[in-house]
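> Handing you a structure now.
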Amino acid sequence: MSGNRILSIDNLRVETRTGVLLDDVSIHVDRGEVLGIIGESGAGKSTLALSSIMLFKAGCRPTAGSITLGGQSLMGLGTAELETIRRTKASYVAQSAAASFNPFYRLEDQVTEIPAMAQKLTATQRRRMAIELFEELQLPDPENFGRRYPHQVSGGQLQRAMIAMALINQPDLIIFDEPTTALDVTTQIEVLRLIKKVASTHNCGALYISHDLAVVSQMADRIVVMRNGKMVEQGPTRQLVDNPQTDYARRLVAHQGDGSYATANGSDKTLLDVRNVDVGYGGVAAVKDASIKLGSGSVLALVGESGSGKTTLARSIAGLQPARQGEIRMRDNLLTPLVERRSFDQRRLVQYIHQLPDLALNPRQTIRDVIGRPLSYFHRLRGASAEQRLRELMEAIELPAAYLDRYPASLSGGQKQRVCIARSLAAKPDILICDEITSALDPLVEESIIKLLTRLIKDEGLSILFITHNLGLALRFSHTTAVMQAGRIVEHGDTRAVFEQPQSDYTRSLIQAVPQLREGWLDGFSANAA
Amino acid sequence: MSNKVTLGVSVAVLATMAAAAIFAPVLAPFPPNEMVHTPFDAPGVGGVLGADGLGRDMLSRILYATRYTFVATLIATTLACMLGVSLAIIAGLSKGWIDIVIGRAVDILMSIPQIILALIILAIAGVSLTTLILTMAVLQSSTYYRVTRPIAGDLAAMEYVEVGRLRGERLHWYLFKEILPNMVPSLLAQFGLGLSSAALFISSLSFLGIGIQPPAADLGGLVRENALALSTGRLTPLIPAFCIALFCLSVNGIVDWLVGRFSDKPDVK
């Protein structure tokens, strides 16, 4: 009998009418302990975490096992009792704070809603409660912070306000569901440090869900690895990171990379030369005086935080958002700013791949239509020759030819992105502009897409402009790297040089902020920052 | 479940009316415009549904009237839909001044009562089946524009449309391949609603005397011809009126089902 046990879930099985979401899962959380839950999307992470407060999505129900929260068994309780337990004993911090706050109400009113429901509080009492927490979470101007509306604060601040909301009912258990996934690395650090501090000072238990092993390894005391609704491995953090027992966990750890760089195989010939480009929307300049060079047969990573102008620069190269000044040259041809004015071949040679394949594929077109269109448009291929090329392309992206007759909806995220790649390959381009094409994918799927691209560079003689906010990915995949901050290129050079001897402070802070598996990385970082 | 019943009844009614319209020449016991009975014959005495004020056979006239109403409604609604949706997609894709010009033109069209505008146009252009259908098509296209313009705007912002732009696709590609197929669900509902409002519109025009011209008559025209008989205690004008109501109700029954089918899909994740 452990008096410190907050949550224990034993042999839990959750089923829908058609399948099993969780199968024989057992976890437990003690007071003051953080349990990390890691896995790909669809692995059952959120289902498991939310089952600790008996919240199940429509159509799902627990069919076996037991759930005990704070010494009380939750199985078989009525709705009213469960609501009381959820209100008093547990809190939930969601991935997207922006989507979780109601834009219509002030922050302090939303943060203090739960205690206000439970007991009659005056407006002053509510404010005081909120201010105390805002102070603890180091929000700027805590006295007045709560008077603001959600859209008036930054993403990191909003996430912290959500943590305040989670703490206000002094819960025994807090569920963090990918709380920093939507944040930039430098913002992520602050939030991670706060979560860690809060978890220890409030002496509650926490579940920390993430797909990022490095983040979880910094936050959690123990880690559960989930896959396809089953528990693959469970153990103390250091043990799991240093000595994973299962093959899957080993792959997850290995995915973090060994810090080796991609070897350049391209010639020194400059394929794409962007000089002093200015791009803006209305009166706002999004890209200022940017110059980058992409070598033939190589990968240029364009890194930076959200809002730094990476995508805008890429769109101006593609001709979607015309550059106001400067020039863009491909080989020795000057590219006109607007894509509509570019020649047939210029349009063919530069292909753009979007971040979200869900939006980039028309749901009413089969894969055959999607990939076949550039074949007929650019190469006038029809009938048997088109069919043969379609099959070659499917082979190139490692998908079965039978998928040609499917609609995008029946493909997984990674497969959809492969189709987008095939669509651009169909044009036989020289340059692929990849705009965060792996950021919506799971780590191991991301890895397979990167492998595919690496092969295509060799086979098809492609050059890639690779936009990413993921520095680890840039390090592994690119030959040269350009760093953007507030619309300017602050650093541009060999990837190895940029990462090993960064010239600007900004690059240095970015590199430091990339989560690492190393023990004490987060604590060391806070010491450095202080 | 009651939705299914409504759907079944609606489909049955519409199918019967459509059959009546298509096979009117075969089904009608008498030529519709010839005086074959004594005026105001009661049902059963002269023909199944009696005779009108000129002694023409009511049943035959209703069968042919259904034909007019069906043809005019279907063609006008189809044209209106094509016109409104094309304009909406063009406006959604091009934005800028083209969008503004089309949008304001539609605003003006919508701000004038349709029936008055139709009166003016038909008075100037002269009444014929063609002008009638064209007038209705233009007037009703404004509602299709209104409904589909925001959808077109959303779809035009999709990245697959941008991929088309990067390739250099032309307008017809966007219209037929990228945008229209994704509009079909919302369009179906609007098309159904448009059918019943078009049927009502042409009936009103005919009732006012500027629709289908005598001796031919659509259902609205039949109500007008026989309106006087109401005061003599006869129910004949109610029969074509009842047919109009039946048509609109059945169309709405089907629309309800379509809307439910396409929008109430539970979000399975």
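FYI, it's all coordinate maths here, none of it is from the lab. Computed from a predicted model, the values in this text were never measured in an experiment. When we count neighbours, we look across all protein chains shown, and the Cβ atoms used for this are built from the backbone with ideal geometry, even at glycine.
> At 222 nm, what helix-only mean residue ellipticity would the protein assembly as shown give, in deg cm²/dmol to the nearest 500, using -39500 (n - 2.57) for each DSSP H run of four or more?
-15500 deg cm²/dmol
> Based on Cβ point charges of +1 for Lys and Arg and -1 for Asp and Glu, what charge dipole magnitude is obtained for region A:5-255 about its Cα centre, in debye rounded to the nearest 20?
That gives a dipole near 320 debye.
> Sum up the charges of everything whose Cβ sits under 13 Å from the Cβ of A:Asp30, counting Lys and Arg as +1 and Asp and Glu as -1, but leave A:Asp30 out.
0
> Right, here's the next one. Can you give the mean number of other chain Cβ atoms that lie within 10 Å of the Cβ atoms in peptide B:151-162?
4
> Between helix A:155-167 and chain A, what is the angle of the helix's C-alpha long axis to the longest principal axis, kept within 0 to 90° and rounded to the nearest 10?
Around 20 degrees separate the two axes.
> Okay, moving on. If you fit an axis through the alpha-carbon atoms of helix B:238-263 and take the longest principal axis of the Cα set of chain B, what angle between them do you get, 0 to 90°, nearest 10?
Tilt of helix B:238-263: around 20 degrees.
> Let me ask something additional. Quick one, what does Rg over Rh come out to for region A:72-118 if you take C-alpha atoms and the Kirkwood Rh?
My calculation puts Rg/Rh at 1.05.
> Label A:Ala401 and A:Gln138 with points 7 Å out from Cα along Cα→Cβ: what is the distance between them in nm?
A separation of 5.9 nm, rounded to one decimal place.
> If you scale each eigenvalue of the Cα gyration tensor by 5 and take the root, what three semi-axes come out for region A:14-83, rounded to whole angstrom and sorted largest first?
Here the semi-axes work out to 19, 18, 10 Å.
> Taking chain B as a Gaussian network, Cα atoms linked when under 10 Å apart, which of B:Arg234, B:Arg149, B:Arg67 shows the biggest mean-square fluctuation?
B:Arg234
> Quick check: pseudo-label points 7 Å beyond the Cα along Cα→Cβ at B:Met110 and A:Arg380, how many nm apart are they?
4.6
> For the charge dipole of the protein assembly as shown, defined by +1 on Lys and Arg C-beta atoms and -1 on Asp and Glu C-beta atoms about the Cα centroid, which residue among B:Thr135, A:Thr438, A:Leu192 has the Cα displaced farthest towards the positive pole?
B:Thr135
> Give me the angle, in degrees from 0 to 90, between the Cα long axis of helix A:367-379 and the longest principal axis of the Cα atoms of chain A, rounded to the nearest 10.
With both axes taken from Cα atoms, the answer is about 30 degrees.
> Right, something else. Specify the residue with the greatest mean-square fluctuation among B:Asp256, B:Asp218, B:Asp107, computed from a Gaussian network of chain B linking alpha-carbon atoms under 10 Å apart.
Most flexible of the set in this elastic network: B:Asp107.
> Further question on the same structure: How big is the Cα convex hull of region B:2-263 in projection, averaged over all directions, in nm²?
16.3
> Report the local net charge at A:Gly65: Lys and Arg +1, Asp and Glu -1, summed over other residues whose C-beta lies under 13 Å from its C-beta.
-2
> What spacing in nm lies between the two simple spin-label points modelled at A:Ala80 and B:Leu238, each 7 Å away from Cα in the Cβ direction?
Distance between label points: 5.5 nm.
> Per residue of A:351-363, what is the mean number of Cβ atoms on other protein chains within 10 angstrom of that residue's Cβ?
Counting Cβ atoms of other protein chains within 10 Å of each residue's Cβ and averaging gives 4.
> Give me the dipole magnitude in Debye, nearest 20, for chain B about the Cα centre, with unit charges on the beta carbon: positive for Lys and Arg, negative for Asp and Glu.
340
> If you place +1 on the Cβ of every Lys and Arg and -1 on the Cβ of every Asp and Glu, how big does the dipole about the Cα centre of chain A come out, in debye to the nearest 20?
1260
> Kindly provide the trypsin sites (Lys or Arg not before Pro) of region A:293-392 that DSSP labels as loop, not H, G, I, E or B, and whose Cβ sees at most 15 other Cβ atoms within 10 Å.
Taking region A:293-392 and a limit of 15 other Cβ atoms within 10 Å, the loop trypsin sites (Lys or Arg not before Pro) found are A:Arg324, A:Arg331, A:Arg380, A:Arg382.
> OK, next. Choose one of B:Ser204, B:Asn182, B:Leu7: the residue whose Cα lies farthest towards the positive end of the charge dipole of chain B (beta-carbon charges +1 Lys, Arg; -1 Asp, Glu; about the Cα centre).
Comparing the listed Cα positions along the dipole, B:Asn182 ranks first.
> Ok, one more. Using the charge dipole of chain B (Lys, Arg: +1 at Cβ; Asp, Glu: -1 at Cβ; taken about the Cα centre), state which of B:Tyr145, B:Leu122, B:Val36 has its Cα farthest towards the positive end.
Among B:Tyr145, B:Leu122, B:Val36, the one farthest towards the positive end of the dipole of chain B is B:Tyr145.
> Also: Could you please rank A:Ser73, A:Ser296, placing first whichever residue has the fewest other Cβ atoms within 10 Å of its Cβ?
Going from sparsest to densest Cβ surroundings: A:Ser73, A:Ser296.
> Where the centre of each part is set by its Cα atoms, how far does region A:480-513 sit from region A:326-348, in angstrom?
28
> How long are the three semi-axes of the equivalent ellipsoid of region B:68-195, in whole Å, if each is the root of 5 times an eigenvalue of the C-alpha gyration tensor, listed from largest down?
Square roots of five times the eigenvalues give 29, 16, 12 Å.
> OK, next. Could you tell me the distance between the Cα centroids of region A:399-452 and region B:189-243, to the nearest Å?
The two parts, judged by their Cα centres, are 58 Å apart.
> Still on this model: How compact and how long is the protein assembly as shown, expressed as Rg and Dmax of its alpha-carbon atoms in Å?
33.9, 108
> Post the alpha-carbon centroid distance, region B:104-161 to region A:85-132, in whole angstrom.
50
> OK, next. Relative contact order for chain A: what percent, with Cα pairs under 8 Å and sequence separation of 6 or more?
15
> If we count every other residue with Cβ under 12 angstrom of B:Val36's Cβ, Lys/Arg +1 and Asp/Glu -1, where does the sum land?
-2
> What's the FRET efficiency of A:Asp24 with A:Ala98 using the Cβ-Cβ distance as r and R₀ = 41 Å, to the nearest 0.05?
0.70
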